[in-house]
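Encoded as structure tokens, the structure appears first; notes follow it.
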Amino acid sequence: MVICLCLLSLTVGIVFHRSVYSIYVQGIELPELLRENGYRGVSELDRLLISLTTAERSQASIRGELKDVRETSERLRSLVEETQSGLGRDSPTEAKDVAASAALARFDALLDLVSKLETGGLDPADPASLYRLFLTELRATRSAYLSLLDEVAFAEDSLRQHLTTRMTFLAWCFWVFLTFSAFAGAAFLRLLRDEVTQRIARERAECGANYLAYYDTTTGLANRFQFEDRLGAWITSAREPTLILVDIDRFYRFNDCFGRVSGDVVLKELAFRLRKLADQCDGFAARLAGDNFALVIGEKDHKCLHELSRDITDSCQSPVARAGQNLMVSVSVGVAPFAALVGEANVSQERLVSMATFALDSAKAKGGGEIEIFDLEISKRFLDRRAIAARLPRAIENGEVQMFFQPQFDLERNCIYGFEALARWFIDETSVPILELTRIAEAEGHIGDFDRFMLAEAIRTISNWNRSHRTRYSVSVNVSALNVSDLQIVDFIASCLDANALPASLLTIEVTESIELDHVGKAIETLQKLRSLGCRVSVDDFGTGYSSLGYLRGIEIDEVKIDRAFVADIDKSASARSFLQSVLQLPDSMGHSVVLEGIETAPQRDAAQALGARRIQGFLIGRPRPALEWLAQTTYRGRTELVAGNERKSA
């Protein structure tokens, strides 16, 4: 468009220049040329008249002047024609055309007379009359020519005025065009600037979108999407990668104790260190989610992998400086070498990630700061876990997972007031540990179905019993942090309560404090909606998750369950009793009811009661048993007798 505008301006400029030049030639040069030649012609006519007047009046003398007369007449006639054609288009007067026609007629008559004299067409008998005729014709021609010159002089003024008007109009048109071109050019440049700006913005947005699609915004490492692409490419190209998963131990404490900004500082610093180690091994680092990182490097032997893993833990354990403080960090490392896939039918990145995840879970189960490399021993546990995971959905569907209850005792009323629902799954008469069962369900994506089964079964069992035996037992059900972050669990619980006509106040939802909630905002919203239904919310294993104060401050709860770790020595150690008393006072001062877990002996119960504990749970009251057995035993036998019998057993 710019090129077209420039070409258009150039064309208009050339046309204007040619028009002005043409006007200049016609209005200035041509009239001057006609005047000059015209007056020269008059002089020649005067010379001929003088010559003929003074010459002998004879035919011979006239014939001697004929050639000169013919040449002069023809030249002047051509000048008259040039005058008529040169000023005819632009002269505004018609008198000039009449004078030019008259002059041409006189010159034609004179030339005709000359032709007759030259050919002898006239009678020379009377030379005097011939002389007079010739002289009269020449004078008439001179007079007509002078009249033409007068008209040319008059027409020249009119022509100049006409051409001046024309030039002014053309100049005005040219300036209007230039002004329009200037505004149009400015508008076009504005549009062009906007287009360039928008294109730059689009390119930046596309670059930003591409960056967000492939990189983690906090650490700058590759994100999960890029990690999966590159790991798959490594496996496809037969590079035999080793996958190392790194997880920060108890990372949520940085957010709870120092703020989320400090947590981001820790993530960025560890990402920098891990990237440096990955580059040294010609690999790459990625942030998969939260505090979970991955390194992909080339295949190495077991010794080199252990040394590299130790370098990772040592590097990450270096203090992280933040606002004058040194934040201490520890990490757990799980390693899955590609050699572990050799011999398997399904060689894929999903299998490699599953093995590395299992190794990482094994390392974290040791307490943190540990390294676990996938080997034969872990492979056996991994295969067992895979077998359990494969059977779990069908076991839930077929009712193979059984509902067990463990009673909760009120020391003030001296009775069992409710139960905690626990899952038991027996494979070949061997019970799968509940923690292992929960980890498998979470890792394999079955935790949603598992928690819904436990909730539905617990609500149905306790409701049917209360309704048929006119009791009012409550039930507590553990819900995974993954489901607490899902708002749909609220609708499911509400539908179960309505379907079984169980008062919501008899259902307690237990959230394990030691599990980090990745989506705290959604979890808080879910718990608030559950409390608005009338359900009670309890924090299980309180004091073990390094975020006790954060839970009490940030989440609206009704109950706190003190972990068994605080109860073990209260019957033997004064310091243990003093510490437990301080722990009991914290939730009690905030209006939360407290349940003391892990009471296994009568001295422990007495010590807890002396410290102000009102509700307890543990093997002293009863071990987990099938739900209906506990409900029947509690309902049909006396509460005090039940507890006394358990005391005798414990003794």
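Projected onto planes of every orientation and averaged, the convex hull of the alpha-carbon atoms in region 169-217 covers 3.3 nm². Note on region 161-207 and region 466-486: Cα centroid distance 77 Å, given to the nearest whole angstrom. Please tell me which of these pairs span more than 29 angstrom C-alpha to C-alpha: Lys276/Lys366; Lys276/Lys522; Lys380/Lys561? The pairs that break the limit, which is 29 Å between Cα atoms, are Lys276/Lys522; Lys380/Lys561. For the residues Ser143, Ser593, a 1.4 Å probe over the protein chains yields an accessible-area ranking, largest first, of Ser143, Ser593.
For region 275-411, just say rounded, prolate or oblate: build the C-alpha gyration tensor, square-root its eigenvalues into a ≥ b ≥ c, call rounded for a/c under 1.5, and beyond that prolate if a/b exceeds b/c, oblate if not. Oblate, since a/c reaches 1.5 and b/c is not below a/b.
Ordered by 1.4 Å accessible area with all protein chains kept, Glu400, Glu350 run largest first as Glu350, Glu400. When every Cα-Cα distance of region 382-429 is counted in 5 angstrom steps from zero, the calculated P(r) takes the values 5, 17, 18, 17, 11, 9, 9, 7, 5, 1 percent.
Radius of gyration (Cα atoms) of region 167-285, expressed as a multiple of 2.2 N^0.38 Å: 2.07.
The values are calculated or read from the model by the stated rules, or taken from the named source; none is laboratory data. What you see is a predicted model; the values in this text were computed from it and never measured. Note: accessible area is taken over every heavy atom of the protein model, side chains too, but ligands, DNA and RNA are not part of it. Shrake-Rupley method; radii C 1.70, N 1.55, O 1.52, S 1.80 Å.
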